[in-house]
Amino acid sequence: MGDREGKESQLAAMRSVTAQLSRKKKSKWLLDPRSSRLAIWDLVGGLLLVYTALVCPFEVAFTESGGDANARFWINRIIDVFFLVDMIIQLFIMYPLEQSIDVDPKSTALKKTGVLLNAPRTTVEMVSSHKSIALHYFSGWFIIDMVSILTCLVDIIPVVQAGQAAAAKAIHETK
C-alpha cells in the first residue's frame, strides 16, 4: 500500500507543478506553433512557395509583361495577400525560449517525493509577450518577408498605369 501512496503523492506533485505552469495568463490572440491549424497554414504556405518558385521563372522568361490583368495576375495577387496575412500572423505566434535554471535538490519538494531524480539545468517555455514576439520577428525574418511582398509592386504598377492610360484615353475620346 505504501508504494501506491508514494505514486499518488508523485502524481499530486506533478499536477501541482503543471497547475503552477499553466496559471500564467496568456492572451487569447496568441497562437501556439504546435497547433494543427497553424500546421495546415504552413503547409498551404509551403505549397504556394513551391508554386511561386516554379511558375515565376516561367512567367518572367516566356510571357509578355503587359498592363493587362489576366487570371494569372489575380492568382499572383491572391498569393501576395496570403503572404501579407502570414506576416501579420507572425506577430501572434509564440516562440520557445530556453532558459537555464538553478535547482537546489535539497530544497526542492519534487526531489523529496522522488519525482525529480535529476535536477534539470534548463527549461523551455513559450514566450507569450506580444512585444517580445514582435521584436523577435522584426529582428529575424521581417525584412526578408517585407522585401518579398514589396516585389508585387513590379506587377501592380504597370496594370495601374495601363488602367489610368485607358481611362484618360476614354475621357479624351468622349470630349
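The values are calculated or read from the model by the stated rules, or taken from the named source; none is laboratory data. Model, not experiment: these values are computed from the prediction. FYI the Cβ positions are ideal-geometry reconstructions off the backbone, even for glycines, and counts take in every protein chain you see. Only protein heavy atoms, including side chains, enter the accessible area calculation; ligands, DNA and RNA are left aside. Shrake-Rupley method; radii C 1.70, N 1.55, O 1.52, S 1.80 Å.
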Check your understanding: Considering only segment 45-65, how many residues are modelled with pLDDT under 85 and open to solvent by 50 Å² or more (accessible area, probe 1.4 Å)?
Key -> 3
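If you take the residues of segment 147-175 that are assigned to a helix (DSSP H, G or I) and among the hydroxyl-bearing types (Ser, Thr, Tyr), which of them is surrounded by the most Cβ atoms within 10 Å (Cβ to Cβ)?
148
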Check your understanding: When residues of segment 49-81 are filtered for being farther than 16 Å from residue 144 by Cβ and in a helix (DSSP H, G or I), how many remain?
Key -> 21
Review point. Out of 68, 42, 86, which single residue is open to solvent by 80 Å² or more (accessible area, probe 1.4 Å), modelled with pLDDT of 95 or more and charged (D, E, K, R)?
Key: 42
